[in-house]
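Below is one structure, written out as structure tokens, with a few remarks after it.
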Amino acid sequence: MDNGDKSWMSHLRWTEEYVDGVNYFLDKAFERASQGNEILCPCKKCMNRYWHYRNVVEDHLVVHGFVDNYTKWVFHGEGVSSRNTPHPINDDEGSNLRDDIDGLLHDTFRNVEGESGHEEVVRHGLSADAKKFFKLLKEGKQELYRGCENFNKLSFTIRLYLFKSLHGLSNVAFSDLLDLIIEAFPFAQILESFNKARQVIKCLGLHYEKIHACPNDCMLFWKDNEKADNCSVCGTSRWKSVGDASTNSRSKIPAKVLRYFPLKPRLQRIFMCSETTVAMRWHANERPNDGNLRHPADGEAWKDFDRLYPDFSRDPRNVRLGLSSDGFNPFRTMSISHSSWPVMLMNYNLSPWICMKSEYIMLSMIIPGPSSPGNDIDVYLQPLIAELKELWEPGIETYDAETDQTF
């Protein structure tokens, strides 16, 4: 089939040409714009609003046909620069794919990577980041056991920690699982405890900060109030009333804890990959300037902001973020009234078919329940606002992988 020929879209839907064309479209759409195993369905009923599996989209297109005038498949990656779109992984290849731990380490510690070839530097005066890099690099090259091809010591630790998170294992259960694996496979290079595994995850930059909060959403026990035991607004104790917790600092349990994911290192990591670095300039270099409104950069608010702050807008790599939040019940049952609030950040530098994909949306914080924070959500946004102010003035030095320079 000619890649540019779409005349089949006007054929009768039960013809062989139309069915072959639909399968060609599905191949391209899943290659360029899939989210997991789903794509937006472009049929007349769904109109690119709903995500479905391949067989469902195929049925819809045969039964209902394509939405009118959808001859350029913009919602399915057509026109996307190949440099900006991650290369897909075929299902047949996925089972044999090895973890790219080396790539993860070099992306995370790009600023110290150049030191790895200098033995004299290794022996004297390494920075803290460099020490983490060399330690993890060593573990990343260490075989889990002799002849193991699918895992090394580091990748197995990461996969175990992911297993713990996905299935909600307690810290004690995770430690017991490690003990069992070590007992069954004493020849394997496995970390001995949960604390050591957690330290590895923290060194990779995949950790979050715990910030105690007033149970009534009045304030955070943060910065100047970090040592306080009671809310300065309502007087409520910071701690749960459990036994004699008030007299034993080690057994104190906070009544409410905000989980905050630092923003700056994640923004810096975006520019450590040359493909995403190019994609971050899409709004300035590749966005169609035809008067149509398809991206926030086409709106008047974006243009007014550029006029107000020309120094910021001069470099298209400067990051534009959108914030979104909503409550959900983490217990999967409506019989329990509970509302936790994740705060998400959308990266509007990216093209519209990339910026709303889950892998490019950043989780900024999780505001705990049991009830909605309501108008008090600004209390919880303080750590994020503090980081955004630092990014605005004076900013942070960041490595650009494409130009091999910092900006």
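Residues in the range 290-308 that are within 13 Å of Arg320 (Cα to Cα) and without any contact (Cβ under 8 Å) to a residue 12 or more places away in the chain: Ala301, Lys303, Phe305, Asp306. Here Ser175 meets each of (1) modelled with pLDDT under 85; (2) in contact with a Ser or Thr (Cβ under 8 Å, 6 or more places away or on another chain) with one exception, condition (1). Of all the criteria given as (1) more than 17 Å from the chain's Cα centre (by Cα); (2) small (Gly, Ala, Ser); (3) within 20 Å of Phe271 (Cβ to Cβ), the one not satisfied by Ser337 is (3). Kindly indicate whether Ser351 is under 27 Å from Lys210 (Cα atoms), assigned by TED's automatic domain parsing to the domain that holds Ile396 and of a type in the set (S, T, N, Q). It is false that Ser351 is under 27 Å from Lys210 (Cα atoms), assigned by TED's automatic domain parsing to the domain that holds Ile396 and of a type in the set (S, T, N, Q). The set of residues in the range 321-338 that are among the hydroxyl-bearing types (Ser, Thr, Tyr) and at pLDDT 90 or above comprises Ser324, Ser325.
Can you tell me which residue in the range 288-304 is nearest to the chain's Cα centre (by Cα), limited to those that are surrounded by 11 or more Cβ atoms within 10 Å (Cβ to Cβ), more than 22 Å from Met344 (Cα to Cα) and at pLDDT 90 or above? My answer is Asp298. The residues in the range 24-39 that are assigned to a strand (DSSP E or B) and closer than 20 Å to Trp8 by Cβ can be counted, and the count is 1.
Just wondering, is there one or more residues in the range 172-192 that are in a loop (DSSP other than H, G, I, E, B) and at positive phi? So far as the range 172-192 goes, no, none of its residues is in a loop (DSSP other than H, G, I, E, B) and at positive phi. So Lys227 clears everything in (1) of a type outside the set (Phe, Trp, Tyr); (2) out of contact with any Leu (no Cβ under 6 Å at 6 or more places or on another chain); (3) surrounded by 12 or more Cβ atoms within 10 Å (Cβ to Cβ); (4) modelled with pLDDT of 85 or more except one condition, right? Which one? Evaluating Lys227 over (1) of a type outside the set (Phe, Trp, Tyr); (2) out of contact with any Leu (no Cβ under 6 Å at 6 or more places or on another chain); (3) surrounded by 12 or more Cβ atoms within 10 Å (Cβ to Cβ); (4) modelled with pLDDT of 85 or more leaves (3) as the failure. Among the residues of the range 55-68, not a single one is out of contact with any Lys or Arg (no Cβ under 8 Å at 6 or more places or on another chain), assigned to a loop (DSSP other than H, G, I, E, B) and surrounded by fewer than 17 Cβ atoms within 10 Å (Cβ to Cβ). Scanning the range 356-399 for residues that are in a loop (DSSP other than H, G, I, E, B) and of a type in the set (A, V, I, L, M, F, W, C) returns Met356, Ile361, Leu381, Ile396.
Residues that are surrounded by fewer than 16 Cβ atoms within 10 Å (Cβ to Cβ) and of a type in the set (Val, Ile, Thr) occur in the range 378-400; there is at least one. From the list Ser232, Ser241, Ser237, Ser170, the one residue that fits, being closer than 22 Å to Ser371 by Cβ and surrounded by fewer than 11 Cβ atoms within 10 Å (Cβ to Cβ), is Ser241. Screening the range 350-382 for residues that are of a type in the set (D, E, K, R) and without any contact (Cβ under 8 Å) to a residue 40 or more places away in the chain and picking the one that is nearest to Glu275 (Cα to Cα) gives Glu359.
For the range 307-323, does any single residue satisfy the condition of being of a type in the set (Phe, Trp, Tyr) and farther than 19 Å from Pro352 by Cα? Checked the range 307-323: at least one residue is of a type in the set (Phe, Trp, Tyr) and farther than 19 Å from Pro352 by Cα. Number of residues in the range 291-335 that are assigned to a helix (DSSP H, G or I) and of a type in the set (S, T, N, Q) equals 1. Enumerate the pairs (first residue in the range 144-161 and in a helix (DSSP H, G or I); second residue anywhere and small (Gly, Ala, Ser) and at pLDDT below 85) with beta-carbon separation below 8 Å, excluding pairs fewer than 6 apart on the same chain, so at least 6 apart or on different chains. The qualifying pairs are Lys153/Gly140; Leu154/Gly140; Ser155/Gly140; Thr157/Ala197; Leu160/Ala197; Tyr161/Ala197. Met362: touching a strand residue (DSSP E or B) at 6+ places or on another chain (Cβ under 6 Å) and either among the aliphatic types (A, V, I, L, M) or farther than 24 Å from Lys389 by Cα (or both), yes or no? It is true that Met362 is touching a strand residue (DSSP E or B) at 6+ places or on another chain (Cβ under 6 Å) and either among the aliphatic types (A, V, I, L, M) or farther than 24 Å from Lys389 by Cα (or both). Annotation for the range 255-262: at least one member residue is of a type outside the set (Val, Ile, Thr), closer than 20 Å to Tyr208 by Cα, within 18 Å of the chain's Cα centre (by Cα) and outside any strand (DSSP E or B). Against the list (1) within 30 Å of Asn48 (Cα to Cα); (2) touching a Ser or Thr at 6+ places or on another chain (Cβ under 8 Å); (3) acidic (Asp, Glu), the condition Glu359 fails is (2).
The values are calculated or read from the model by the stated rules, or taken from the named source; none is laboratory data. Because the structure is predicted, anything quoted here is derived from the model rather than measured. Glycine gets a Cβ as well: all are built from the backbone with ideal geometry, and neighbour counts include every protein chain shown.
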